[in-house]
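Chemist: Sharing a structure below in C-alpha cells format, with a few things to ask.
The values are calculated or read from the model by the stated rules, or taken from the named source; none is laboratory data. Everything numeric here is computed off the predicted structure, so don't read it as measured data. Every residue, glycine among them, receives a Cβ derived from its backbone with ideal geometry; neighbour counts consider all protein chains shown.
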Amino acid sequence: MGVKAKKEKMSASDARNNFGELLEIARKNPVRIERNGRPVAVVISPDEFERMEAIEDAWWASKADEAMKEGTLGQEESEKFLAEMLNAKD
C-alpha cells in the first residue's frame, strides 16, 4: 500500500472565502470541508481521483471475473428462471 496522505481540514466558510488556497492544498493532500464541525465534502486532486477510480474499476473487474468463473445461464435457462420468479407466489 502507498503512504497515506496527510488530511487537511477547512470550514465551509473558509473554503468559500479562500477557494484558491483550498485548490492549492488539495493538489497535495485531501481537504475535508466541515460545516458546524461535521464533514460535508472532501476535495482531492485529479490524480488522486483517477487513482481511486482505477482501484474501483479493478475491484469491479475482479467481481466480473469471479462471476464468469461461476458460469452463466444460457438464454433458455434465463427465460425459464425469470418466468418462474415472476410467477412465484409469496
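Chemist: Of the numbered conditions (1) surrounded by fewer than 11 Cβ atoms within 10 Å (Cβ to Cβ); (2) modelled with pLDDT of 95 or more; (3) under 21 Å from the mean Cα position of the chain (by Cα); (4) not aliphatic (A, V, I, L, M), Glu66 fails exactly one; give the number of that condition.
Modeler: Looking at each condition in turn, Glu66 falls short on (2).
Chemist: Also, quick follow-up: Kindly provide the set of residues from region 1-27 that are modelled with pLDDT under 95 and of a type outside the set (Asp, Glu), ordered by number.
Modeler: If the condition is that a residue be modelled with pLDDT under 95 and of a type outside the set (Asp, Glu), then Met1, Gly2, Val3, Lys4, Ala5, Lys6, Lys7 are the ones that fit.
Chemist: Going by the conditions given, is Arg51 surrounded by 10 or more Cβ atoms within 10 Å (Cβ to Cβ), under 17 Å from the mean Cα position of the chain (by Cα) and in the same structural domain as Glu8 (by TED's automatic domain parsing)?
Modeler: It is false that Arg51 is surrounded by 10 or more Cβ atoms within 10 Å (Cβ to Cβ), under 17 Å from the mean Cα position of the chain (by Cα) and in the same structural domain as Glu8 (by TED's automatic domain parsing).
Chemist: While we're here: Restricting to region 2-54, what's the tally of residues that are in contact with a Leu (Cβ under 7 Å, 6 or more places away or on another chain) and part of a helix (DSSP H, G or I)?
Modeler: 1
Chemist: Given the conditions (1) within 30 Å of Met10 (Cα to Cα); (2) over 21 Å from the mean Cα position of the chain (by Cα), which single one is not true for Thr72?
Modeler: So Thr72 meets the others, but not (1).
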